[in-house]
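What follows is a set of notes on a single structure, which appears directly below.
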Amino acid sequence: MSGMAELSVVVPLKWRDDRGLGELTGYLETLTRLVHEVIVVDGSAEDLFRTHARLWTKSGIRHLAPEDSCANGKVAGVRTGVRAAVGNKVVIADDDVRYEAETLEAMSRLLERAHLVRPQNHFDPLPWHAVWDTGRTLLNRSLGQDHPGTFGVRRDALLHLGGYDGNTLFENLELSRTIRAGGGVEACASGLYVRRIPPSAARFWSQRPRQAYDDTAQPARLMLFLGLAPLICVAVARAPALLPASAGAVVLLAEAGRRRAGGTRVFPARASFTAPLWVLERALLVWPAFAAWLSGVGVAYSGSRIAVAAHSPRLLRRRLRSRPVLGVPGGAESDALMGSVAERADR
């Protein structure tokens, strides 16, 4: 049996209007022919919910309302969908993520040996703002791992840990840290590329403060960006010649991320040159984000305010101390196996 036939795909959704409904419906219908089940957990307004129900249920798509209540509606959708899933291999994907047969098959294979699989998103098409944001992706890849809008997760592992906190802003980091805090194995598949439709330019701009707030969950990164703005000001005033050299170093760093794990297939070279612009953006926006975090007011998100970006690994380990540690899936004898699994995915 194809590995895809074992997969449940969960799509958390909360729309304000139905622009793009036809395209999404076509994609979901294609998924139903590839995987065991497609579950859309729909937190949209009542009139949109009814429209979606009429359209999707006749196509074999499971259409559910979120059962959980939390500040981050996406997590409510994920938790509801994972509980409802029939199979143990679950692909969680934002509504702008577009899987194909090849990437689904690879995800299924990796879930044989990991509790959580982190693939790599790439934007397609690439308007100017998507190229700009790709600079961030490339820097993340050069220094570690990027955070995509999709994961593969073993249902039994997530339920064993009691899910993950839905009152956090950086929910993907919270999920990843929760799995690892529970003794789980995460496969970081930097070479497993999954297409993502870019947001509109207006939505891109609206996301800037929220994404800067995510850095409050990563102390080293936060300190780095907090220090950059003063350094840039000093360089402008006293040593302007340092600025082109510094920008060049950032470009080279981004290019290293672009070339990692065959990334040149999906990331254009021009994205490396936008990386200094993104660094400047983050160096400026991290200051109001830090102030909002210190004051406890948090950041606006989907009609509410969230103060916690993600919990620290230490706190999550303490919370999960009473639960048995997750065993390595698939009968593997050690976590060392995951190095080879992730490496195969990167090829």
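Odds and ends about this structure:
- Within the stretch 53-91, restricting attention to residues that are of a type in the set (Val, Ile, Thr) and in a helix (DSSP H, G or I), the residue that is nearest to residue 301 (Cα to Cα) is 75.
- Meets criteria (touching a Phe, Trp or Tyr at 6+ places or on another chain (Cβ under 9 Å) and either open to solvent by less than 20 Å² (accessible area, probe 1.4 Å) or of a type in the set (Asp, Glu) (or both)) for residue 136: no
- Of the residues 90, 40, the single one that is under 25 Å from residue 171 (Cα atoms), in contact with a Leu (Cβ under 6 Å, 6 or more places away or on another chain) and not acidic (Asp, Glu) is 40.
- Test result for residue 154, among the charged types (D, E, K, R), over 25 Å from residue 298 (Cα atoms) and either touching a strand residue (DSSP E or B) at 6+ places or on another chain (Cβ under 9 Å) or in contact (Cβ under 8 Å) with a residue 12 or more places away in the chain (or both): yes
- If you go through the stretch 30-66 and keep only what is surrounded by fewer than 16 Cβ atoms within 10 Å (Cβ to Cβ) and of a type in the set (Gly, Ala, Ser), you end up with 45, 59, 60, 65.
- Within the stretch 5-14, one or more residues are part of a loop (DSSP other than H, G, I, E, B), in contact (Cβ under 8 Å) with a residue 40 or more places away in the chain and surrounded by 15 or more Cβ atoms within 10 Å (Cβ to Cβ).
- Of the candidates 162, 149, the single residue that is surrounded by fewer than 18 Cβ atoms within 10 Å (Cβ to Cβ), in contact (Cβ under 8 Å) with a residue 12 or more places away in the chain and on the phi > 0 side of the Ramachandran plot is 162.
- Residue 194 satisfies every condition listed in (1) crowded, with 23+ Cβ neighbours inside 10 Å; (2) more than 23 Å from residue 71 (Cα to Cα); (3) over 14 Å from the mean Cα position of the chain (by Cα) except (3).
- Exclusive hit being in contact with an Asp or Glu (Cβ under 9 Å, 6 or more places away or on another chain), within 22 Å of residue 160 (Cβ to Cβ) and among the β-branched types (Val, Ile, Thr), set 90, 41, 82, 11: 41
- Among the residues of the stretch 15-57, those identified as of a type in the set (Gly, Ala, Ser) and in contact (Cβ under 8 Å) with a residue 24 or more places away in the chain are 43, 44, 45.
- Residue 100 open to solvent by 30 Å² or more (accessible area, probe 1.4 Å), under 18 Å from residue 148 (Cα atoms) and over 16 Å from the mean Cα position of the chain (by Cα): yes
- The listed residue being within 15 Å of the chain's Cα centre (by Cα) and assigned to a strand (DSSP E or B), out of 141, 118, 136: 118
The values are calculated or read from the model by the stated rules, or taken from the named source; none is laboratory data. Since the structure is predicted, the reported quantities are computational estimates derived from the model, not experimental observations. As a convention, Cβ positions derive from the backbone with ideal geometry for all residues, glycine included, and neighbour counts pool all protein chains shown. Protein only, heavy atoms only, side chains kept; ligands, DNA and RNA dropped before computing areas. Shrake-Rupley method; radii C 1.70, N 1.55, O 1.52, S 1.80 Å.
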